[in-house]
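Engineer: I am attaching a structure below and will ask some questions about it afterwards.
Rule-based calculations on the coordinates, nothing more; no lab input. What you see is a predicted model; the values in this text were computed from it and never measured. All Cβ positions, glycine included, derive from the backbone under ideal geometry; neighbour counts span all protein chains shown.
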């Protein structure tokens, strides 16, 4: 059996162990990867952490338990405070107002005045977080994530159809949320919240169903509108099992608004071209089908962090930044001055141990890949 003499293990960040028996050419050619078992473990850890934050956000924004028990909508001055995610005002447990519902309410009032509070809140959240809200703070986004975990055949929407449907959420934002409340009012000069009343499945799930279950008088008044909203809810649930976050991708006007300011938000993500080896793992794992290496700050990105957790060269960074966020020409030139060899030289702290590892297969060019191995794997080797 062939052996490679004295390959070196080095301890890097995040508890990873670097093993290299190749040459610098192998690094340049991108012949290195994170083992599937460790990549999967890291990805699951990131996803679990995100789901915990989503759960906490859902509980906090729907923490009025008395409302669920009594079947009544909470009232009070605090309900005029908007929450960042899509969470129906009519939900018995809601402690705040949905920004989309609040926006329609002020636009549809006959005494219409520009609402500095609602627009100011939306702009503040957009510039501060962008679509981080969609990935971490939205209860309805959390529901879609859970539904997609149900084991079933999954549907991949054709690229051309997918790109066309993505514009639908901007139509939802422009027409039923903004234009109709302004220009289409009843004889009393008041416009209904068109999106909430005729389209939004979150309102049916969070508000309509709980209130119906607790109030017999409401059940007797159900008609075609409730049946229509139930149909849309069922359609959303089924599609969420088959397609990852279909409501977020194609329908949600709140996500559309946040996405318009994604590129300018303080929370920024960047891809270091000098470290990226274009393995494609980040784009394969992306739930929103973003072209990560080309446009990581796309309006479609929900900042879930899956691409960052799966990147084995640590080419993707995320965090709050001021200024250009590394997207200007000067910053890009500075990044391009680096190399993968420099990256590994910086990350490797000190040699830990040297052992011989049996090799059953040798690459045609005579070297093994650069590998990242978990510590327990190293000590399980029979050497």
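Engineer: Going highest first, how would you order 315-321, 250-256 by mean Cβ packing within 10 Å?
Structural biologist: Details: 315-321: 16.3, 250-256: 25.3.
Result, highest mean Cβ count within 10 Å first: 250-256, 315-321.
Engineer: Another question, if that's okay. Compute the FRET efficiency between residue 190 and residue 225 as 1/(1 + (r/R0)^6), taking r as their Cβ-Cβ distance and R0 = 25 Å, and round to the nearest 0.05.
Structural biologist: On the way: r = 18 Å, r/R0 = 0.71.
Computed FRET efficiency for residue 190 and residue 225: 0.90.
Engineer: Next question, about the same structure. By how many nm would the segment from residue 123 to residue 318 lengthen if fully extended, with 0.36 nm per residue of separation less the alpha-carbon distance? Working shown, then result.
Structural biologist: Working: separation 195, 0.36 × 195 = 70.20 nm, distance 2.09 nm.
Gain on stretching residue 123 to residue 318: 68.1 nm.
Engineer: Note down the nm distance, to one decimal, between modelled labels 7 Å out along Cα→Cβ at residue 90 and at residue 159.
Structural biologist: Here the answer is 4.2 nm between the modelled labels.
Engineer: On to the next question. Would you please classify the overall shape of segment 222-299 from the alpha carbon gyration tensor, given that a ≥ b ≥ c denote the square roots of the eigenvalues, rounded means a/c under 1.5, and beyond that prolate means a/b larger than b/c while oblate covers the rest? Walk me through the numbers before you get to the answer.
Structural biologist: Values: a/c = 5.78, a/b = 2.09, b/c = 2.76.
Oblate, since a/c reaches 1.5 and b/c is not below a/b.
Engineer: Ranking request for peptides 145-151, 75-81, 120-126: highest mean number of other beta-carbon atoms within 10 Å first, then the rest in descending order. Show your work: numbers first, answer last.
Structural biologist: Working: 145-151: 14.1, 75-81: 10.7, 120-126: 17.0.
The densest-packed peptide leads the list: 120-126, 145-151, 75-81.
Engineer: Inverting the mean 1/r over all pairs of different Cα atoms, compute the Kirkwood radius of segment 101-260 and quote it in Å.
Structural biologist: On the way: mean 1/r = 0.0582 Å⁻¹.
Taking the inverse mean of 1/r over all distinct Cα pairs, segment 101-260 comes out at 17.2 Å.
Engineer: Multiply the residue separation of residue 78 and residue 60 by 0.36 nm, subtract the distance between their alpha-carbon atoms, and state the gained length in nm to one decimal. Spell out each step's value before the answer.
Structural biologist: Values: separation 18, 0.36 × 18 = 6.48 nm, distance 1.34 nm.
Roughly 5.1 nm would be gained on extension.
Engineer: Quick one: which of 85-94, 210-219 comes out on top by average Cβ neighbours within 10 Å, and what's the full order, highest first? Write out the running numbers ahead of the final one.
Structural biologist: Numbers: 85-94: 24.3, 210-219: 14.0.
In descending order of packing, they fall as 85-94, 210-219.
Engineer: Using a 7 Å offset from the Cα along the Cα-to-Cβ direction at both residue 264 and residue 53, what is the distance between the two label points in nm, to one decimal?
Structural biologist: The modelled label-to-label distance comes out at 2.4 nm.
Engineer: Additional query: Rounded to the nearest 0.05, what FRET efficiency is calculated for residue 182 and residue 150 with R0 set to 45 Å and r the Cβ-Cβ distance? Can you show the working numbers first?
Structural biologist: On the way: r = 40 Å, r/R0 = 0.90.
Between residue 182 and residue 150 the formula returns 0.65.
Engineer: Given labels modelled 7 Å from the Cα in the Cβ direction, how far is it in nm from residue 217 to residue 285?
Structural biologist: Going by the 7 Å Cα→Cβ label model, 5.3 nm.
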